[in-house]
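Contents: one structure, followed by commentary.
The values are calculated or read from the model by the stated rules, or taken from the named source; none is laboratory data. The model shown is predicted, which means the values in this text are computed figures rather than measured ones. A quick note on method: Cβ atoms are made from the backbone with ideal geometry, for glycine too, and the neighbour counts reach across all protein chains shown.
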Amino acid sequence: MKKAGAYLVLLILAVTLTAAAAHKFYVSVFQMEYVPAKKEMQITARIFIDDLENGLNKKYSKKLYLATPKESAEAKDILTKYFAEKIHIKINGTAKTLKFLGRETEDDVLICYFTIPAETKVTSVEVNNTLLFEMFAEQQNIIHTKVGTTKKSLLLTNDNPLGTVEF
């Protein structure tokens, strides 16, 4: 009987450890910095390539093969469309258009570059970022902002996709 109890404990422990090892974090990180000389907010986004690929494949029913030699010719257009749909930013209460500049890869991360116009001094930034929420319920989008020497951050989730920082 003791052997059966020991086996049961080992089985529960093995299942628990396997489930913990299989768990993956779903996160993207955005850095936004106001550049007064250029009158723009410069944005760098870091997103796991496999997560983004899976999300785009599910949404558009197309395999893009991002950051590989087999990458689809449509990849840039689809990325631009997807980001425009999922990321909405207001500067000082005014909605701004996100301009996708380009991207590069670093290991398993896609680094994307954007700008938005900011003609006057930035006093508030409102971000609605639903990137990959349709794919992963536990997706988190972290937004780091910098205006002058002031840094502030937001954590956006499925339950709370909208946040505002004041400067």
Residue match in segment 109-132 (condition: touching a residue at least 24 places away in the same chain (Cβ under 8 Å), among the aromatic types (Phe, Trp, Tyr) and under 20 Å from ASN57 (Cα atoms)) = no
Does LEU52 satisfy the criteria of being surrounded by 13 or more Cβ atoms within 10 Å (Cβ to Cβ) and out of contact with any strand residue (DSSP E or B) (no Cβ under 7 Å at 6 or more places or on another chain)?
-> no
With the checklist (1) over 17 Å from LEU154 (Cα atoms); (2) loosely packed, with under 13 Cβ neighbours inside 10 Å in hand, flag the one item THR123 doesn't pass.
-> (1)
Counting only residues that are closer than 14 Å to VAL165 by Cβ and either out of contact with any His (no Cβ under 6 Å at 6 or more places or on another chain) or surrounded by 19 or more Cβ atoms within 10 Å (Cβ to Cβ) (or both), segment 126-140 contains a total of 3
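Whether any residue in segment 129-141 is of a type outside the set (Ser, Thr, Tyr), in a strand (DSSP E or B) and touching a Gly at 6+ places or on another chain (Cβ under 8 Å) is what I want to check.
Checked against the condition, which is being of a type outside the set (Ser, Thr, Tyr), in a strand (DSSP E or B) and touching a Gly at 6+ places or on another chain (Cβ under 8 Å), segment 129-141 yields no hits at all.
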Unmet requirement for ALA67, which otherwise passes all of (1) at pLDDT 95 or above; (2) touching a Leu at 6+ places or on another chain (Cβ under 9 Å); (3) of a type outside the set (D, E, K, R); (4) outside any helix (DSSP H, G or I) = (1)
Taking LYS58 and the conditions (1) part of a loop (DSSP other than H, G, I, E, B); (2) modelled with pLDDT under 95, which numbered condition does it fall short on, given that it satisfies the others?
-> (1)
Matching option when the condition is without any contact (Cβ under 8 Å) to a residue 40 or more places away in the chain, out of contact with any Gly (no Cβ under 8 Å at 6 or more places or on another chain) and surrounded by fewer than 15 Cβ atoms within 10 Å (Cβ to Cβ), among LYS58, LYS62 = LYS62
Tell me, yes or no, whether segment 148-162 has at least one residue that is under 16 Å from ILE91 (Cα atoms), of a type outside the set (Asp, Glu), exposed (fewer than 13 other Cβ atoms within 10 Å of the Cβ) and in contact (Cβ under 8 Å) with a residue 60 or more places away in the chain.
-> yes
Given ALA84, ALA118, which one is modelled with pLDDT of 95 or more, touching a strand residue (DSSP E or B) at 6+ places or on another chain (Cβ under 8 Å), more than 30 Å from PRO69 (Cβ to Cβ) and of a type in the set (Gly, Ala, Ser)?
-> ALA118
Members of segment 90-116 found to be under 19 Å from PRO36 (Cα atoms), in a strand (DSSP E or B) and over 14 Å from the mean Cα position of the chain (by Cα), listed by number = LYS90, ILE91, THR94, ALA95, LYS96, LYS99, LEU101, THR115, ILE116
Residue list for segment 142-164, restricted to those being part of a strand (DSSP E or B), closer than 16 Å to GLN42 by Cα and of a type in the set (Val, Ile, Thr) | ILE142, ILE143, THR145, VAL147, THR150
